[in-house]
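The values are calculated or read from the model by the stated rules, or taken from the named source; none is laboratory data. Everything quoted here is computed from the prediction, not taken from an experiment. Cβ placement follows ideal geometry from the backbone for every residue including glycine, while neighbour counts extend to all protein chains displayed. To get the accessible areas, we keep the full protein, side chains included, count just its heavy atoms, and leave off ligands, DNA and RNA. Shrake-Rupley method; radii C 1.70, N 1.55, O 1.52, S 1.80 Å.
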Amino acid sequence: MLLSDNIRSVLDRKGWGVYSVLPSALVYDAVQQMADRDIGSAVIDANGLPGIFSERDYARKIILLGRSSKTQPFAK
């Protein structure tokens, strides 16, 4: 990928899919799906309000706060 590539050429190589995660899923399952698909974020639809969960969210809201991704659900 070159800095001069346009969005279409990037998406042609990377893919056009949008992946979502249920709010009832565990954080670990979402991170595993993202790793399997080689993506850095997924859409979450919680109470009709879509949001994004990213690798950065995982690092800051799970790891750095000492939470366990295998027991932490998105929605409480």
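For region 44-57, does any single residue satisfy the condition of being assigned to a helix (DSSP H, G or I) and small (G, A, S)? Taking every residue of region 44-57 in turn, none turns out to be assigned to a helix (DSSP H, G or I) and small (G, A, S).
Against the conditions (1) among the polar types (S, T, N, Q); (2) surrounded by 13 or more Cβ atoms within 10 Å (Cβ to Cβ); (3) not in a helix (DSSP H, G or I), S24 satisfies every one except (2).
Within region 47-61, track down each residue that is without any contact (Cβ under 8 Å) to a residue 12 or more places away in the chain, among the hydrophobic types (A, V, I, L, M, F, W, C) and open to solvent by less than 100 Å² (accessible area, probe 1.4 Å). A59, the sole residue that qualifies.
Looking at region 30-46 only, could you name the residues that are in contact with a Lys or Arg (Cβ under 9 Å, 6 or more places away or on another chain) and open to solvent by less than 90 Å² (accessible area, probe 1.4 Å)? Selection gives I39, G40, S41.
For region 62-76, which residues satisfy the criterion of being in a helix (DSSP H, G or I) and either in contact (Cβ under 8 Å) with a residue 40 or more places away in the chain or surrounded by fewer than 14 Cβ atoms within 10 Å (Cβ to Cβ) (or both)? Hit for region 62-76 is I63, nothing else.
Taking the condition in a loop (DSSP other than H, G, I, E, B) and either modelled with pLDDT of 85 or more or not aromatic (F, W, Y) (or both), does S9 pass? Outline the logic, then answer.
On the way: in a loop (DSSP other than H, G, I, E, B): no; either modelled with pLDDT of 85 or more or not aromatic (F, W, Y) (or both): yes.
No; evaluated as a whole, the condition is false for this residue.
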